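The values are calculated or read from the model by the stated rules, or taken from the named source; none is laboratory data. If you're wondering where the values come from, they're calculated on a predicted model, not measured in any experiment. Don't worry about glycine lacking a Cβ; one is built from the backbone with ideal geometry, like all the others, and counts go over all protein chains shown.
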Amino acid sequence: ELPIIGVNTFLGKDGSQTQLPGEVIRATEAEKQQQIKTVQNVYKTYENIAPDYLRNVQKAAIENRNIFEALMEAAKVSSLGQMTDALFLVGGQYRRNM
């Protein structure tokens, strides 16, 4: 089993101090497999048009424009991984100095 790296926390409805969730919920194997199938279906369904949307994201980044709109459009036809990879290609990958 993989270690838990981080847990989301939430503010109370009235803006009170941070609340931790009562329990950590892990996806079942069936849920994981369903999500993998869903992403694979996105790849297959939009394989002909996703590259254009991803190029628009890259172009916005290269031109130092706000990339939010391009990302929102690309998100309709591509995965987070595809968008991240597209940005890494034009901007490099962040590496923390150690």
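Observations
- Taken over the stretch 26-74, residues that are among the β-branched types (Val, Ile, Thr), more than 18 Å from the chain's Cα centre (by Cα) and surrounded by 10 or more Cβ atoms within 10 Å (Cβ to Cβ) amount to 3.
- When 18, 38 are screened for being at pLDDT below 95 and touching a strand residue (DSSP E or B) at 6+ places or on another chain (Cβ under 8 Å), only 18 passes.
- Of the residues making up the stretch 48-81, those that are under 22 Å from residue 38 (Cα atoms) and among the charged types (D, E, K, R) are 52, 73, 76.
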